[in-house]
Amino acid sequence: MYTFFPREFNVDSDNFRYKARMRITILKNVTCPIIMQEICGQSNSLYFFTTLPGCTGTIDANVGEHYMSGKSTDLSAFGCDIREWHNIEVVVKNKMARFYIDQQEIFSRSYTKSSGLVIGMIFSSNGLCEIDDIELTGPDGKVVYKNDFQ
């Protein structure tokens, strides 16, 4: 698990861009490897899982006040071979969240309940999660956090 909670990002959770490049190395005999990415707000979190195709019924996502289970919501677009490097992006603009894998929009959801300011990021997995790049920008395009792990 990787967590980052700085003193302040000063970025509104309703208007930001998040990018990360990552993959997973499976350490055990895991049928459905997962990577969970969470952008934490003051009162709620936006989170989602990526997993292998065929395993998306086991994952969840949360956007604003909307909790979505892969058992009742089609989250199949979050399925990709996460053993390979992928560029993940979330763009939230005026309470509309759009999710991208390798520059292809895969999912979107609007919401009404704001979570306040972005206060942190969490990454967890059931294997060895490798993160190559993370970037968080505000609505003006100003980078407020960047780490290329070099």
Residue pairs qualifying under the 6 Å Cβ cut-off, at least six apart or on distinct chains, with the first in the range 47-68 being among the small types (Gly, Ala, Ser) and the second being surrounded by fewer than 20 Cβ atoms within 10 Å (Cβ to Cβ), are 57/70; 57/71; 61/68; 64/111; 64/113
(message) Scan the range 110-117 and tell me whether some residue there is in a strand (DSSP E or B), under 18 Å from residue 48 (Cβ atoms) and out of contact with any Asp or Glu (no Cβ under 6 Å at 6 or more places or on another chain).
(response) yes
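Right, residue 146: free of Cβ contacts under 8 Å to residues at least 12 places away in the same chain and over 15 Å from residue 48 (Cβ atoms) or not? Let's see the steps before the verdict.
Values: free of Cβ contacts under 8 Å to residues at least 12 places away in the same chain: no; over 15 Å from residue 48 (Cβ atoms): yes.
No; evaluated as a whole, the condition is false for this residue.
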Subset of the range 27-60, residues under 30 Å from residue 116 (Cα atoms), of a type outside the set (S, T, N, Q) and in contact with a helix residue (DSSP H, G or I) (Cβ under 7 Å, 6 or more places away or on another chain), comes to 48, 49, 59
Flagged in the range 16-43 as in contact with a Gly (Cβ under 7 Å, 6 or more places away or on another chain) and of a type outside the set (A, V, I, L, M, F, W, C), in numbering order, are 25, 33, 41, 42, 43
### Query
Would a scan of the range 85-93 turn up a residue that is more than 14 Å from the chain's Cα centre (by Cα) and closer than 22 Å to residue 144 by Cβ?
yes
Residue match in the range 62-73 (condition: within 19 Å of residue 100 (Cβ to Cβ), crowded, with 19+ Cβ neighbours inside 10 Å and touching an Asp or Glu at 6+ places or on another chain (Cβ under 7 Å)): yes
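What is the residue count in the range 118-150 for residues that are of a type in the set (A, V, I, L, M, F, W, C) and either over 15 Å from residue 17 (Cα atoms) or not in a strand (DSSP E or B) (or both)?
We begin by selecting, within the range 118-150, every residue of a type in the set (A, V, I, L, M, F, W, C); these are 118-119, 121-123, 128-129, 131, 134, 136, 143-144, 149.
If we keep only those that are either over 15 Å from residue 17 (Cα atoms) or not in a strand (DSSP E or B) (or both) too, we end up with 122-123, 128-129, 131, 149.
Of the residues in the range 118-150, 6 are of a type in the set (A, V, I, L, M, F, W, C) and either over 15 Å from residue 17 (Cα atoms) or not in a strand (DSSP E or B) (or both).
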Restricted to the range 1-38 and to residues being acidic (Asp, Glu) and part of a loop (DSSP other than H, G, I, E, B), the residue surrounded by the most Cβ atoms within 10 Å (Cβ to Cβ) is 14
From the option list 137, 112, single residue qualifying as of a type outside the set (Gly, Ala, Ser), more than 16 Å from residue 47 (Cβ to Cβ), surrounded by fewer than 16 Cβ atoms within 10 Å (Cβ to Cβ) and at pLDDT 95 or above is 112
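The values are calculated or read from the model by the stated rules, or taken from the named source; none is laboratory data. Predicted model, so just to flag it, every value in this text is computed and none were measured. Positions of Cβ are backbone-derived with ideal geometry, glycine not excepted, and every protein chain shown enters the neighbour counts.
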